[in-house]
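The values are calculated or read from the model by the stated rules, or taken from the named source; none is laboratory data. Quantities reported herein were computed from a predicted structural model and do not represent experimental measurements. Note that each Cβ is placed from the backbone with ideal geometry, even for glycine, and that neighbours are counted across all protein chains shown.
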Amino acid sequence: MAEQDVTPLPEHGSCFICGRENPKGMGLVWYTQRDDEHGLVAFSDFQFTLAEQGPPGFTHGGASAAVIDEVMGAVVWRSGLKVVLANLNLDYRHPVPLHTPLRAEGWVERTEGRKAWAFGRLVLPGGETAVSGTGLYIHAPHLFTFDYYG
């Protein structure tokens, strides 16, 4: 994929994962890019810090879950649906070390009416998937007076 195909997504206020206005937030920056295998892919390159620690030296499972939820939600929003998460399933394959470059990525697997199913994962520097998940998102525009990723 060519570098010019990368599109940054707008940040949104006080979001714990990607809002610049949240002093305790993680401050991730999201991008989208199209690929031949998955279509539109959302991603962020980042590192977990001591603020997200669970077991000593490793990321708390809830922090991993939050990032995977956010990347899946971002790509579903970018595909045109204003959604909320209805179901999240995760597979923890490897411990996620702190202060290690990671990539979060996600894509929409399918949509049906108001429902969208997405896949997300955290990728370690060697290319191994540390945590992966699937999410069911429900289109609920009546809950939103704004457009995060319009």
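Hey, can you tell me all the residues within the range 101-113 that are surrounded by fewer than 23 Cβ atoms within 10 Å (Cβ to Cβ) and small (Gly, Ala, Ser)?
113
With the condition kept exactly as written, say whether any residue in the range 142-150 is in contact with a strand residue (DSSP E or B) (Cβ under 9 Å, 6 or more places away or on another chain), part of a strand (DSSP E or B) and not aliphatic (A, V, I, L, M).
no
Do the conditions hold for residue 29, that is, is it touching a Ser or Thr at 6+ places or on another chain (Cβ under 7 Å), among the hydrophobic types (A, V, I, L, M, F, W, C), under 17 Å from residue 70 (Cα atoms) and modelled with pLDDT under 95?
Yes; evaluated as a whole, the condition is true for this residue.
For the range 78-91, enumerate the residues that are under 24 Å from residue 10 (Cα atoms) and either among the acidic types (Asp, Glu) or part of a helix (DSSP H, G or I) (or both).
Correct list: 78 only.
Give the range 1-21 a look and list any residue that's under 15 Å from residue 77 (Cα atoms), in a loop (DSSP other than H, G, I, E, B) and touching a strand residue (DSSP E or B) at 6+ places or on another chain (Cβ under 9 Å), or say none.
9, 18
Among the residues of the range 22-77, count how many are without any contact (Cβ under 8 Å) to a residue 12 or more places away in the chain, under 14 Å from residue 108 (Cβ atoms) and not in a loop (DSSP other than H, G, I, E, B).
Of the residues in the range 22-77, 0 are without any contact (Cβ under 8 Å) to a residue 12 or more places away in the chain, under 14 Å from residue 108 (Cβ atoms) and not in a loop (DSSP other than H, G, I, E, B).
Go through the range 43-87 and report how many residues are within 14 Å of the chain's Cα centre (by Cα) and farther than 14 Å from residue 117 by Cα.
Count: 12.
So which of 76, 83 ends up being closer than 21 Å to residue 143 by Cα and in contact with a helix residue (DSSP H, G or I) (Cβ under 6 Å, 6 or more places away or on another chain)?
Checking each option against the conditions leaves just 83.
Which residues, taken from the range 78-127, are in contact with a Ser or Thr (Cβ under 9 Å, 6 or more places away or on another chain) and among the acidic types (Asp, Glu)?
The answer is 91, 105, 109.
Which of the residues belonging to the range 64-100 are surrounded by 14 or more Cβ atoms within 10 Å (Cβ to Cβ) and acidic (Asp, Glu)?
Selection gives 69, 70.
Every residue in the range 85-99 that is touching a residue at least 40 places away in the same chain (Cβ under 8 Å) and either within 18 Å of residue 62 (Cβ to Cβ) or of a type in the set (A, V, I, L, M) (or both), please.
Once the filter is applied, which keeps residues that are touching a residue at least 40 places away in the same chain (Cβ under 8 Å) and either within 18 Å of residue 62 (Cβ to Cβ) or of a type in the set (A, V, I, L, M) (or both), the range 85-99 yields 85, 86, 87, 88, 89, 90, 91, 95, 96, 97, 98.
Please count how many residues of the range 35-54 are over 23 Å from residue 97 (Cα atoms) and in contact with a strand residue (DSSP E or B) (Cβ under 6 Å, 6 or more places away or on another chain).
Summing the residues that are over 23 Å from residue 97 (Cα atoms) and in contact with a strand residue (DSSP E or B) (Cβ under 6 Å, 6 or more places away or on another chain) in the range 35-54 gives 4.
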